[in-house]
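Contents: one structure, followed by commentary.
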Amino acid sequence: MDWITMSLEARNLAYNNVEHVGPENARKKTEEWAAASQTLRQQRLEHLNLAYGNGERNKWDLYPANDPKAPCFVHIHGGYWQRGSKEIFACLSEGPLARGWSAALCGYTLAPEATLTQITNELKSAFDWLNAKASEHGIQGPIIVTGWSAGGHLTSFILDHPKVAAGLAISGVFDLGALRDSPHVNDKVKLSEEEIQNLSPMRRSIINKPLGIAYGTGELPAMIASSRDYHAYRSQGHVPGDLIPIANTNHFTILDELRQPNSTLTRAVIAMAEYQTT
């Protein structure tokens with residue numbers, strides 16, 4: 001699927017995941033996650049809101065495992081860089097936590113307060129902090145970073161950080177040019193041509209670390225194509241990482257997989273810790 005040949009109207013709808021599942025369904029699913037996440041956070045209060053920068057949202061929530069050397073599931077939330085929070089998505093760590101892993105979620109400043117360049121710079125700072133401070137909070141194992149939607153894009157971006165061992169990008173957009181003419185994204189994100197070129201994973205050098213790429217088979221065709229095209233692009237570099245279609249899920253319901261310890265997606269996360277970089 002070539003977004004360049006689409007009309008502006010078609011391009012906007014092609015990446016509008018809320019409209020595709022229905023605003024009411026998206027709202028209900030988000031509220032469900034938020035309620036479950038509030039419960040989890042209240043049960044694990046010891047390592048919340050640890051500042052890695054000066055911004056209000058520049059904070060980590062850490063959930064260390066009993067074994068400090070267990071792998072750590074890190075999740076970067078989505079919301080097209082303008083919505084969402086670590087507080088809403090904490091429940092996505094339930095599956096890895098049940099497998100004996102540690103977990104961590106970081107916040108970042110949202111658009112339009114921050115540009116995408118600023119957001120990616122904040123993430124670098126966040127992972128620098130994690131590299132320096134995680135062991136003080138009982139997390140010493142390898143970092144497996146995951147992210148959904150906009151977080152899938154950010155997962156790919158941060159893969160080259162020395163603290164990151166491997167990643168899993170879920171339902172991401174990997175060529176930002178596709179979103180330039182989408183008002184529901186770019187009215188707030190305001191992507192520049194330089195950002196489209198420099199921050200699009202499809203236009204960046206291939207990082208030789210394991211990166212799984214997952215999508216729901218019920219997602220928008222353009223979203224499916226985004227994941228498939230990016231996997232094909234990485235495959236040109238003979239780097240490790242599977243393409244993982246999750247049957248009977250859409251852009252929102254795919255995340256419920258991470259809440260289950262034996263789901264396809266949680267097992268894919270577990271597998272990323274077992275990959276060896278070639």
How far apart, in nm, are two points set 7 Å out from the Cα along the Cα-to-Cβ line at Ala35 and at Leu13?
-> 3.3 nm
Would you mind classifying the range 193-278 by shape? Square roots of the alpha carbon gyration tensor eigenvalues, ordered a ≥ b ≥ c; an a/c under 1.5 is rounded, otherwise it is prolate if a/b is larger than b/c and oblate if not.
-> oblate
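Quick one: pull the percent of accessible area on the range 1-149 belonging to carbon and sulfur, 1.4 Å probe, ligands and nucleic acids left out.
47 percent
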Cα-based Rg (one decimal) and Dmax (whole number) for the range 1-147, in Å?
-> 17.0, 53
Read-out mean projected area of the Cα convex hull in nm², candidates (i) 13.1; (ii) 14.2; (iii) 17.7; calculated match is (i)
Dipole of the chain (Lys/Arg Cβ +1, Asp/Glu Cβ -1, origin at the Cα centre): which of Trp101, Leu48, Ser37 lies farthest to the positive side?
-> Trp101
How much FRET efficiency would the formula 1/(1 + (r/R0)^6) give for Asn198 and Arg57, where r is the Cβ-Cβ distance and R0 is 22 Å, rounded to 0.05?
-> 0.45
What is the distance in Å between the Cα centres of the range 52-89 and the range 253-272?
-> 17 Å
For the range 119-226: accessible area per residue (Å², 1.4 Å) | 31 Å²
Using a probe of 1.4 angstrom, how much of the accessible area of the range 179-229 is carbon and sulfur, in percent?
-> 48 percent
Report the charge-dipole magnitude of the chain in Debye, nearest 20, computed about the Cα centre from +1 at each Lys and Arg Cβ and -1 at each Asp and Glu Cβ.
-> 440 debye
Counting DSSP beta bridges in the chain, what percent are antiparallel, to the nearest 5?
-> 20 percent
Ranking Asp2, Asp256, Asp61 from most to least accessible area with a 1.4 Å probe gives Asp2, Asp256, Asp61
Could you run the Karplus curve 6.51 cos²θ - 1.76 cosθ + 1.60 with θ = phi - 60° over the range 114-128 and give me ³J(HN,Hα) per residue in whole Hz, x for Gly and Pro?
-> 10, 7, 5, 4, 5, 4, 5, 5, 4, 4, 4, 5, 4, 6, 4
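At 222 nm, what value in deg cm²/dmol follows for the chain if DSSP H runs of at least 4 each add -39500 (n - 2.57) and the sum is divided by all its residues, to the nearest 500?
-11000 deg cm²/dmol
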With all protein chains modelled, accessible area of Phe157 [1.4 Å, Å²] | 10 Å²
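The values are calculated or read from the model by the stated rules, or taken from the named source; none is laboratory data. Note that this is a predicted model, so its numbers are computed, not measured. Glycine also receives a Cβ, built like all others from the backbone with ideal geometry; neighbour counts cover every protein chain displayed. All accessible areas refer to the heavy atoms of the entire protein, side chains included, with ligands and DNA or RNA removed. Shrake-Rupley method; radii C 1.70, N 1.55, O 1.52, S 1.80 Å.
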